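Worksheet for the structure shown next.
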Amino acid sequence: MSLMKIDNMSFAYNTGGRKILEHVNAEFEEGKIYALVGRSGAGKTTLLSLLAALTSPSEGSIYVNGKDIFKGDTYRYRSSDVGIVFQNYNLLPKMNAVENVVLSMDIAGIDLPDKKKRATELLESLGIAEYDLKRPVLQLSGGQQQRVAMARAISYEPPILLADEPTGNLDEKTEKEIMRIFDDMAHRAGKCVIIVTHSKQIAAMADVKIAIEDLNNREFQMNIPPVS
Amino acid sequence: MYIFRNAMANIKRSKGRSVLFGIIVFIIALSACLALSVRQAAETTRAEGLKNLSITGSITLDMDKAIGEGSSKRPSKSEMKKNFQAGQLSLTELKKYSKLSSVKSFYYTGTASANAARIDAVSSSDGGGMMGGPGIREQSSGDFTITGYSSDEAMTQFSEGNAQITKGKLFAEGTDEYTCVISNTLAKYNDLSVGDTIKLTNPDDSGKTFKVRVVGIYKQTGSSQAGQQSGPHMTGSDPNNILMSYNALAGIAKNSDLDVYTRGTYSFADYSSYQKFESQAHKAGLDDKYTVESQDIRNYERQLAPLNNLSTYAWYFLMIMLVIGAAVLLILTMFSIRERKYEIGVLAAIGMNKNKTARQFIYEIAAVSIVAIMLGGIIGSLTSVPVTNALLSATAGSATEESFDRGGPANGEQPGQTPSDDEDQNDQSSSDVTAKGAPHMQDYIDSVTSAANFTVTLKLMLIGLALIAVSGGAAMAGVMKYDPLSILTTRD
């Protein structure tokens, strides 16, 4: 049974305007990595924003464990059911790495006696050195910030992990390390990992590759075919 | 809990912003504390002064009502005189109102005008200081004034030390013997001494004469100004004033057809009794054309004028500060929210709902504001007394200068003057007058020792809450209007 289901979903930024996504249907399962690929402007990031409930579809909906995410509390959904790794990391710049992670746990309502300890362990397991834990995140390198963003996204153990171009700004070595973490999340922790990417390496290592064709010329219902 | 913790941490993380916000709130709180303290000092001083003030009042005829308010035609002097005479309350009526529960004690005086057969009146050019403005004289005008007192209590110029017997003695209280005391000026001018007899005549009928024996000679000891201002019966500054018992005057009036104008004075235990008296009197049958007035209160209010002015300026200052301060805080908060737009977007993206984000911002504003208001309040309280006193001294100084510029008061109550005459003259007088039992201006300047009290603190807290509400409201509106996706996708 799928964890997440996109049901006949369309999206346009303006009412009556050009549809970026039109009648999209797709299903996502636990323990798999999904790579959303396609040309720039095809609607990959838009689709990820919809999966994160950061915006609402024009038609159709998204279901997680059978529940329409747009009919519930979308804030709660983002704080508990889904972890998001943004392309630009979107960390809180005046906080250090530990504080960024602890805040996510606080928002998710994680009841732990020592959240700082848990955040520290998590960050260290993702390769953040002790010295960097208390530094403002803007002083960290891109790879380190990406790791902090990942730690933040998985700190409250959401079943779904969404990542937008997670390796777009990173070198090859760091990209591999990041991919190893995603692999662990999906195949060891059993998370559903959905990654928007242009990277052939990431697409190659994904369990399912979904190509989002440019929808501008489509006039009919589109079912995204799994491409393996 | 984490929202509060995060808010406190954010204050530390953004020291510059917090300090700037705090400074603005501090300035507002300090200014508000000073302004409120000045107002409080004025109110306290007024209330305390009134508590200690011995208040006397009298029933006076409201000439506007007596003439007819709607009348467009200006009445002639004779008509006004007629109205005034018709409106005089009899001694019986005056005594009737003295029985009301609000009255502590009652006394009365009568004044009449007379001419003399063998002595001359002291003219103003002879140094007698007989002054008087134009007005209605409800009695025939003679060269001398005879004032009759119902009791020693009525002779306020003696009891307050503005006059004293220098030769002989005062006539017996309530006596009906034709005995009197005269001023030393009049005695010297006419070579009169104790034991001499003065022959007086009715100014309307020179055939009607009466004799009074001089039993004492008095002199003015207080300032003439104080003598003139201390009450409606202070006629002692007129050297041609002949003082005697009311009973004696009444006897003379009966035998010689003199017009006697009787005026009652009611003494009250406190200010609330004074306030109660008028309504009690009207209920007891006093016509609406009469009002109750107190020279003591008028004088006291006049003394407080600088303090009241200061209080008014403080109020305007407070309002301006609050409006400007609130506007500055509003703008600062809006800029701050704009600056923190990205943070709002990230918090929303990771699942913190907007209400919680707004609450966090409000906690930050509230925490900084509370500290700033406390500091402003403490420093304001410590500086309020010297600042209030310095402002009062400056105001008092300018008030004194103003009175000198006017050349001082040029007034003197005449026995024939109406209450409206009194008012006209009082308006010209300086503020540097002393009401009975009331503190002099310098006294209340010295007495402002604690300006900020619980009331000020409470008001300051309310102002603080209002400022927090303004800034918090702006923060909330800012947080609510932003959409997380648009913030994150349009990040600079």
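Sites count as exposed loop sites when they are chymotrypsin sites (Phe, Trp or Tyr not before Pro), lie in a DSSP loop, and have at most 14 other Cβ atoms within 10 angstrom; the longest stretch of chain A without one is A:14-219.
Rg of the Cα atoms in the stretch A:111-183, relative to 2.2 N^0.38 Å, amounts to 1.10.
Once the convex hull of all Cα atoms in the stretch B:248-375 is built, its volume per residue stands at 244 Å³.
Annotation: amide H-H contacts under 5 Å for B:Tyr218 (H modelled 1.01 Å from N, sequence separation of 5 or more, or interchain): B:Thr166, B:Ile182, B:Ser183, B:Asn184. For the segment B:192-201, counting C-beta atoms of other chains within 10 Å of every residue's C-beta and taking the mean gives 0. At full extension, B:Lys51 and B:Ser141 could sit 28.3 nm farther apart than now, given 0.36 nm per residue minus the alpha carbon distance. Loop-located trypsin sites (Lys or Arg not before Pro) in the stretch A:11-55 (DSSP state not H, G, I, E or B) with no more than 12 neighbouring Cβ atoms inside 10 Å: A:Arg18, A:Arg39.
Assuming a ≥ b ≥ c are the square roots of the Cα gyration tensor eigenvalues, decide whether the stretch B:171-212 counts as rounded (a/c under 1.5), prolate (otherwise, with a/b larger than b/c) or oblate. Spell out each step's value before the answer.
Values: a/c = 2.32, a/b = 1.16, b/c = 2.00.
Because a/c hits 1.5 or more and a/b fails to exceed b/c, the stretch B:171-212 counts as oblate.
Sequentially through the stretch B:20-33, phi angles give Karplus couplings (6.51, -1.76, 1.60; θ = phi - 60°) of 4, 4, x, 4, 5, 5, 4, 4, 5, 5, 4, 4, 5, 4 Hz, Gly and Pro residues having no value and appearing as x. Shielding of peptide A:87-97 by partners, expressed as the average count of other chain Cβ atoms within 10 Å per residue Cβ, is 4. In terms of other Cβ atoms within 10 Å, B:Ser159, B:Ser37, B:Ser294 run from fewest to most in the order B:Ser159, B:Ser294, B:Ser37. Of the trypsin sites (Lys or Arg not before Pro) found in the stretch A:134-167, those in coil by DSSP whose Cβ has at most 16 other Cβ atoms within 10 Å are A:Lys134.
Of the residues A:Lys209, B:Lys15, A:Lys67, the one with the fewest other Cβ atoms within 10 Å heads the list, and the complete ranking is B:Lys15, A:Lys67, A:Lys209. Between B:Ser105 and B:Ala466, the simple spin-label model (points 7 angstrom out along Cα→Cβ) gives 4.7 nm. In terms of other Cβ atoms within 10 Å, B:Val214, A:Val148 run from fewest to most in the order B:Val214, A:Val148.
Taking one quarter of the surface of the convex hull spanned by the alpha-carbon atoms of the stretch B:330-375 gives a direction-averaged projected area of 3.4 nm².
Would you please classify the overall shape of the stretch A:38-140 from the alpha carbon gyration tensor, given that a ≥ b ≥ c denote the square roots of the eigenvalues, rounded means a/c under 1.5, and beyond that prolate means a/b larger than b/c while oblate covers the rest? Kindly include the intermediate steps, with their values, before the conclusion.
Working: a/c = 2.89, a/b = 1.62, b/c = 1.79.
Oblate is the answer for the stretch A:38-140, as a/c is 1.5 or above yet b/c matches or exceeds a/b.
Applying 1/(1 + (r/R0)^6) with r as the Cβ-Cβ distance of B:Lys481 and B:Ala394 and R0 = 56 angstrom yields a FRET efficiency of 0.70. Coupling constants for the stretch B:193-206 follow from the phi torsions by the Karplus curve (6.51 cos²θ - 1.76 cosθ + 1.60, θ = phi - 60°), and in residue order they are 9, 4, x, 6, 10, 10, 9, 10, 10, 6, x, 8, 8, 5 Hz; glycine and proline get x. The stretch A:1-79 and the stretch A:141-191 have their alpha-carbon centroids 20 Å apart. Spin-label model, B:Asp64 to B:Thr166: label points 7 Å out along the Cα-to-beta-carbon direction sit 4.5 nm apart.
Other protein chain C-beta atoms within 10 Å of residue C-beta, averaged over B:347-358: 6. When each of the peptides A:106-112, B:103-109 is scored by how many other beta carbons lie within 10 Å of its residues on average, the order from highest to lowest is B:103-109, A:106-112.
Under 1.5 on a/c is rounded, so check that first for the stretch A:65-214, then, if it is not, pick prolate when a/b is larger than b/c and oblate when it is not; a ≥ b ≥ c are the square roots of the alpha carbon gyration tensor eigenvalues.
Working: a/c = 1.73, a/b = 1.12, b/c = 1.55.
Oblate shape, in that a/c is at least 1.5 and b/c is the bigger or equal ratio.
Taking θ as phi - 60° and the Karplus parameters 6.51, -1.76 and 1.60, the scalar couplings of the stretch A:116-123 work out to 5, 5, 4, 5, 4, 4, 4, 5 Hz in sequence order, x denoting glycine and proline.
Where a number appears in this text, it was derived from the coordinates with a stated rule and is not lab data. Predicted model, so just to flag it, every value in this text is computed and none were measured. Here the Cβ is made from the backbone with ideal geometry for all residues, glycine too, and neighbour counts use every protein chain on show.
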